[in-house]
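In what follows, a structure is listed as structure tokens, so that the remarks can point back to it.
Values in this text are rule-based calculations from the coordinates and carry no lab data. Computed from a predicted model, the values in this text were never measured in an experiment. Counting neighbours? That spans all protein chains shown, and the Cβs are built from the backbone with ideal geometry, glycine included.
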Amino acid sequence: MQIITEPTEMQAISEKLRLNRQLIGVVMTMGALHEGHLSLVRLAKETAGVVILTIFVNPRQFGANEDLHRYPRPFEQDSALAKSAGVDYLFAPEASGIYPASFQTSVACGPLAERFEGALRPGHFDGVATIVTKLFNITKPHLAVFGEKDAQQLAIIRRLVRDLDIDVTVIGAPVVREENGLAVSSRNIYLSSTERNEASVLHRGILHAGTCFDAQRRDLGTIAAEVDAMIRSVVGFIPDYVSFVEEETFEPAEKAEKGREYRLLLAVRAGSVRLLDNARFRCP
Ligand code: PAF
């Protein structure tokens, strides 16, 4: 595995790979790699001949009071994990290489980025869309794998690719869970062991929603309220939102219609950590 830090060097390598008719897959991360990221690499490996993993803690997607400075950066460990997962190129640029002092252009997302995470973290998705666009231009992939764990981010990236005619196939990869059902995330390390056990309530909420769908319930608003109440019953767990949305548009949905797909979105504050989770359901 080759480690590259210069954007121009990465571009030149990708250009050469393309000329040699290699299929390039990219997995973009902010590091602190875990089983979820490695599952994205494995999925990319299944289709692409060459896999590029990017590690960049993107300052433009963090709000002023967020954890940019304490965000974990275990580079040695990350590069060992990337190598053992079969990554061919690890692209880990410096912030100054990505955002030189003269930098001034950014991607502005539309209404899809204004709800849920976007409403709570103003500018977050513009920051994500900007770095993802830059990383597409630097790594020149044919395909890119993103986790469904960040479902709104994935929907926004799919929109970005369609709206700006970016010639990349976006693949969504299923949420990877710990044994107790907690979705794996780089921020789980901030949880105390009690919080980590109790955080299984999010997954139990998702299972409850699944049981409601199986029982042919259509009252999405009430089901979401029940999941919200389950989460609030854990002391110190405060939902920012628990809501069903239309799968395609991320418009909030109150009543399910036969044959349509919905996604349950959960964002929960557990002490100083925000936990995100989601699941897709089809109305029978
Ligand atoms: O999901 C992430 O880790 C980040 O938002 C991404 C896509 C790497 C952009 O910085």
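Within the shell of other residues whose beta carbon sits under 10 angstrom from the beta carbon of His142, the net charge comes to +1, with Lys and Arg scored +1 and Asp and Glu -1.
Under 12 Å from the Cβ of His34, count the other residues' Cβ atoms, weight Lys and Arg +1, Asp and Glu -1, and hand me the total. That works out to 0. The phi-based Karplus calculation (6.51 cos²θ - 1.76 cosθ + 1.60; θ = phi - 60°) puts the 3J(HN,Hα) values of the stretch 221-237 at x, 5, 4, 4, 5, 5, 5, 4, 5, 4, 5, 5, 5, 8, 4, x, 9 Hz, whole numbers, x for Gly and Pro. Simple spin-label model, 7 Å along Cα-to-Cβ: Arg187 to Val234 in nm? Rounded to a tenth, the inter-label distance reads 1.4 nm. Amide H contacts of Ala183 (H built 1.01 Å from N, in plane; Pro and chain starts excluded): Glu178 sit under 5 Å, all sequence-distant by 5 or more or on other chains. Taking the longest Cα principal axis of the chain as reference, the axis of helix 7-19 is set at about 90 degrees.
3J(HN,Hα) along the stretch 96-107: 5, x, 8, 10, x, 4, 7, 4, 8, 9, 9, 8 Hz, from the Karplus curve 6.51 cos²θ - 1.76 cosθ + 1.60 with θ = phi - 60°, whole Hz, x for Gly and Pro.
So if R0 is 41 Å, what FRET efficiency would Asn20 and Leu207 give, r being the distance between their Cβ atoms, rounded to the nearest 0.05?
Numbers: r = 47 Å, r/R0 = 1.15.
For Asn20 and Leu207, the calculated efficiency is 0.30.
Close amide H contacts of Glu148 (hydrogens built in the peptide plane, cut-off under 5 Å, sequence separation of 5 or more or a different chain): Ala173, Val175. Which of these, Lys134, Lys258, Lys45, has the largest mean-square fluctuation under a Gaussian network model of the chain (Cα springs below 10 Å)? Result: Lys258 has the largest fluctuation of those listed. A straight chain from Glu179 to Asp67 at 0.36 nm per residue would run longer than the Cα-Cα distance by 37.7 nm. Remark on Ala32: its backbone amide H falls under 5 Å from none of the residues 5 or more positions apart or on other chains, H modelled at 1.01 Å from N. Using the Cβ of Leu53 as centre and a radius below 14 Å, the other residues enclosed give a net charge of +1, where K and R count +1 and D and E count -1.
The calculated 222 nm mean residue ellipticity attributable to helices in the chain amounts to -11500 deg cm²/dmol, summing -39500 (n - 2.57) over DSSP H runs of n ≥ 4 and dividing by all residues.
To the nearest ten degrees, helix 151-163 and the longest principal axis of the Cα atoms of the chain are 50 degrees apart.
Loop-resident GluC sites (Glu not before Pro) (DSSP state other than H, G, I, E or B) in the stretch 1-98 with no more than 11 further Cβ atoms inside 10 Å of their Cβ: Glu94. Working note: Karplus 6.51/-1.76/1.60 with θ = phi - 60° gives the stretch 28-35 the couplings 9, 9, 10, x, 6, 5, 9, 4 Hz, where Gly and Pro are set to x.
The angle between the Cα long axis of helix 124-139 and the longest principal axis of the Cα atoms of the chain comes to about 30 degrees, rounded to the nearest 10.
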